[in-house]
Amino acid sequence: MVFVATDEAHVLVPALESLGEHPPKRPLQFVVVDNASTDGVAGEIRCRWPEVPVLTQPWRRGLPANLNTGIRATTAPFVLLCNPDLLFRPGAVDAMASFLESHPRAGMAAPKLLSPEGDVRPSARRWYTVGALVALKLPRSANGPAAAVARSVYADWDYREPRRVDWVPCPATMVRRAAFREVGLMDERFRLYFDDVDISLRMHLGGWEVWCVPEAEVIHLEQRASLRALSRAARWHPVSLGKFAWKHKGLGPPYRAP
């Protein structure tokens, strides 16, 4: 398991505590990548969990670069890429690992993401369209999401059975190391955002499957820094979109029908 934290001890500590309360049956290899934090997160983790390696970056780097640091520091056949703002429900980690074991062509398995109140958050997505991107930036209607947005987040899915999907957001996604070896690690040209769309697309292009596994439930506190209009994260979102579109010559697979 690779956690990346940037001044986020206040959420990372509860995340690790949730794993301790309901420990997975499988042996786990933990790594925390401290992205040059100033809140003392590295010292707190070393004090509370001395067995967990903490890799401290000398300067702040993008999320994909930090994830790659953690991936390279581990050897397990499956790598769980984790945001710090998570709470793990019992059995979540084992469910994703079991799914990958029983589906040898699955390169990625994502959990069902829940809000702190227990509502299902969008846990998988279809390839973006221009209409969906525009609708996502508009104020939300009291009548529910626009049709383009509803389609993009699989609003027609009841999350009862695992489903093959286009791409999955990566707050808590398990990736097969063998698939990483074939398609490459996270693309460090993305600082934040669209790195998850990129790795999912490269999985598809490499012949691997991307799945969402509802049996695995993870609460995502979802800090959503990009919602603050003048924040640095809000500026990274369109920049990453441009990088993705330039790299892949569009918003999805090159073989997709218009």
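See the values below:
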quantity	calculated
Pairwise Cα inverse-distance average, inverted: Kirkwood Rh of region 93-180 (Å)	14.5
Sites matching trypsin sites (Lys or Arg not before Pro) across region 1-58 that sit in DSSP coil, with at most 16 neighbouring C-beta atoms within 10 Å	25
Accessible surface, per residue, of region 37-135 when the full set of protein chains is kept, probe 1.4 Å, Å²	42
Selection from 30, 124, 213 lying farthest towards where the dipole of the chain points positive, charges on Cβ	124
Rounded to the nearest 20 debye, dipole of the chain from Cβ charges on Lys, Arg, Asp, Glu	1040
Euclidean distance between Cα centres, region 167-200 to region 202-216, Å	11
Stokes-Einstein translational diffusion, region 129-228 - Kirkwood Rh over all Cα pairs, 1.567 mPa s, 4 °C, in µm²/s	83
GNM flexibility winner over the chain from 135, 15, 179 (Cα, springs under 10 Å)	135
Chain lengthening between residue 103 and residue 7 when straightened (0.36 nm per residue, less Cα-Cα)	30.9 nm
Heavy-atom accessible surface of the chain: percent carbon and sulfur, 1.4 Å	56
Reachable lysines, given that their alpha-carbon falls under 28 Å from the alpha-carbon of residue 137 and they are not under 8 places away in the same chain	112, 243, 247, 249
Residue 117/residue 52 FRET efficiency (R0 35 Å; Cβ-Cβ; nearest 0.05)	0.75
Angle in degrees between helix 9-21 and the longest Cα principal axis of the chain, rounded to the nearest 10	80
Whole-Hz ³J(HN,Hα) from phi, Karplus 6.51 cos²θ - 1.76 cosθ + 1.60, for region 200-206, glycine and proline x	5, 5, 5, 4, 4, 5, x
Tail weight of P(r) past 23 Å, computed on alpha-carbon pairs of the chain, percent	50
Share antiparallel - DSSP beta bridges, the chain, percent rounded to 5	45
Interchain or long-range residues, amide H under 5 Å from residue 78's placed H	177
Volume in Å³ per residue [convex hull over Cα atoms, computed for region 1-91]	89
At R0 = 25 Å, FRET efficiency that the Cβ-Cβ distance of residue 189 and residue 72 yields, to 0.05	0.90
Degrees between helix 63-72 axis and first principal axis of the chain (Cα, 0 to 90, nearest 10)	50
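The values are calculated or read from the model by the stated rules, or taken from the named source; none is laboratory data. Only a predicted model underlies this, so the values are computations on that prediction, with no experimental measurement involved. For neighbour counting, all protein chains shown are included, and Cβ atoms are generated from backbone atoms with ideal geometry for every residue, glycine included. Quick note on the areas: whole protein, heavy atoms, side chains included, nothing else; ligands and nucleic acids left out. Shrake-Rupley method; radii C 1.70, N 1.55, O 1.52, S 1.80 Å.
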